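So the structure is just underneath, and the comments pick up after that.
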Amino acid sequence: MTTPHVSLTARERLVVALDVPSAGEALALADRLAGRVGMLKVGLELFCAEGPAFVRELQARVPVFLDLKLHDIPTTVRRALDAVLKLDPKLVNVHAQGGPAMLEAAVEAVRAHRAGGGQTGLLAVTVLTSLDREALAALGHAATPEDLALAYARLAHQAGCDGVVCSAWEAAAIGEACGEGFHRLTPGIRPSGAAVQDQARVMTPAQALKQGATWLVVGRPITHAADPAAAAEAIVAEMQ
Ligand code: C5P
């Protein structure tokens, strides 16, 4: 399953992580960012706190990436996706670690949704950046995080996902292995001169685009800025 190829503007490629605890804060940010960014990323914290009705409200302002990272047996993921796809988010994701059958079930759900006029793209999370080599060894994996990410990206590609969530440092290798049409959404982006905070392997927006990233996720450099709209505009300018 590949999304129809569209050439995206820099603005459309910018995804803002709404890591805030309440609908009130999220909607206030959405009002300031509407028309300035491509998507807002809603994670587990916000979705669990505010639920589907809130996502509908948000989607009326800015397209939403529902970052729920689903991971369960194939039937459960399929049914959870069928429920979530009623919101028609722009993007949704599952864990590649769920394996081929789970990924195929997720692809089936998204295909059925699109056949009915939906627009959602499906991404797979490769390896969480919180898992270093030691943590992977404890889980029984001999591979490095980078090699495992590549293997998971291949699996997601074979299953028919539209792309992966990965570090910008892995984006080029995944593009080489799976083709440039296989989307890569990369967090850990910091505009030049910005504070790195708790991110380890960051890249600037321009560097990440050069590595082949389709979408860049930026959180705190925008959401914690005194003027989030101006911060978003500066990053769009840097991307161009
Ligand atoms: O504030 P910041 O730009 O660091 O936010 C990045 C966002 O991307 C957060 O929502 C974070 O959870 C998410 N993320 C990440 N690294 C990953 C996967 C997701 O930073 N590997």
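When Lys and Arg each count +1 and Asp and Glu each count -1, what net charge do the other residues less than 14 Å away from Ala172, Cβ to Cβ, add up to?
With Lys, Arg at +1 and Asp, Glu at -1, the net is -1.
GNM, the chain, Cα, under 10 Å: largest mean-square fluctuation among Glu108, Glu170, Glu50?
Glu50
Check His141: other-chain or 5+ apart residues with amide H under 5 Å from its amide H, H built from backbone geometry?
Those qualifying (amide H under 5 Å, at least 5 residues apart or on another chain) number zero.
Can I get the semi-axes of the chain's equivalent ellipsoid? Compute them from the C-alpha gyration tensor as square roots of 5 times the eigenvalues, in angstrom, largest first.
They are 25, 22, 17 Å, listed from largest to smallest.
Between Ala225, Ala115, Ala171, find the one with the highest GNM mean-square fluctuation for the chain; connect C-alpha pairs within less than 10 Å.
Ala115
Work out from phi, with θ = phi - 60° and the Karplus expression 6.51 cos²θ - 1.76 cosθ + 1.60, the ³J(HN,Hα) of each residue of the range 52-59, listed in order in whole Hz, and give x for Gly and Pro.
Using θ = phi - 60°, the values come out as x, 4, 5, 4, 4, 4, 5, 4 Hz.
Using a Gaussian network model of the chain with C-alpha springs under 10 Å, which one of Val84, Val107, Val15 is most mobile by mean-square fluctuation?
Result for the chain, Cα springs under 10 Å: Val84 fluctuates most.
How much accessible surface area, in Å² rounded to 10, belongs to the heavy atoms of Ser7 with a 1.4 Å probe?
Around 100 Å² of this residue is reachable by solvent.
I'd like to check one number: the per residue accessible area of the chain, probe 1.4 Å, reported in Å² as a whole number.
Per residue, the chain has 45 Å² of solvent-accessible surface.
Run the numbers on the range 10-239 and let me know its relative contact order in percent, using alpha-carbon pairs under 8 Å that are six or more apart.
Worked out over the range 10-239, it gives 19 percent.
Once you have the Cα-Cα distance between Ala195 and Lys210, take 0.36 nm times their residue separation minus that, and quote the gain in nm to one decimal.
The span from Ala195 to Lys210 would gain 3.3 nm if fully extended.
Give a residue-ordered list of calculated ³J(HN,Hα) values for the range 217-222 (Karplus: 6.51 cos²θ - 1.76 cosθ + 1.60, θ = phi - 60°; whole Hz; x for Gly, Pro).
9, 10, x, 4, x, 9
Just to confirm a number: summing +1 for Lys and Arg and -1 for Asp and Glu over residues other than Thr223 whose beta-carbon lies under 12 angstrom from that of Thr223, what do you get?
0
What does the net charge come to around Arg133 if you take all other residues with beta carbon closer than 11 Å to its beta carbon, with K and R at +1 and D and E at -1?
So the surrounding residues net to -4.
From Cα pairs below 8 angstrom and at least 6 apart in sequence, can you work out the relative contact order of the range 1-139, rounded to a whole percent?
So the answer I get is 19 percent.
Considering only protein heavy atoms and a probe of 1.4 Å, how much of the accessible area of the chain is carbon and sulfur, as a whole percent?
Carbon and sulfur together cover 53 percent of it.
May I ask you to evaluate 6.51 cos²θ - 1.76 cosθ + 1.60, the Karplus curve with θ = phi - 60°, for each residue of the range 31-42 and list the ³J(HN,Hα) values in order in whole Hz, giving x for glycine and proline?
Once θ is set to phi - 60°, the couplings for the range 31-42 become 4, 6, 9, 4, x, 9, 9, x, 8, 10, 9, 9 Hz.
The values are calculated or read from the model by the stated rules, or taken from the named source; none is laboratory data. Because the structure is predicted, anything quoted here is derived from the model rather than measured. All Cβ positions, glycine included, derive from the backbone under ideal geometry; neighbour counts span all protein chains shown. Only protein heavy atoms, including side chains, enter the accessible area calculation; ligands, DNA and RNA are left aside. Shrake-Rupley method; radii C 1.70, N 1.55, O 1.52, S 1.80 Å.
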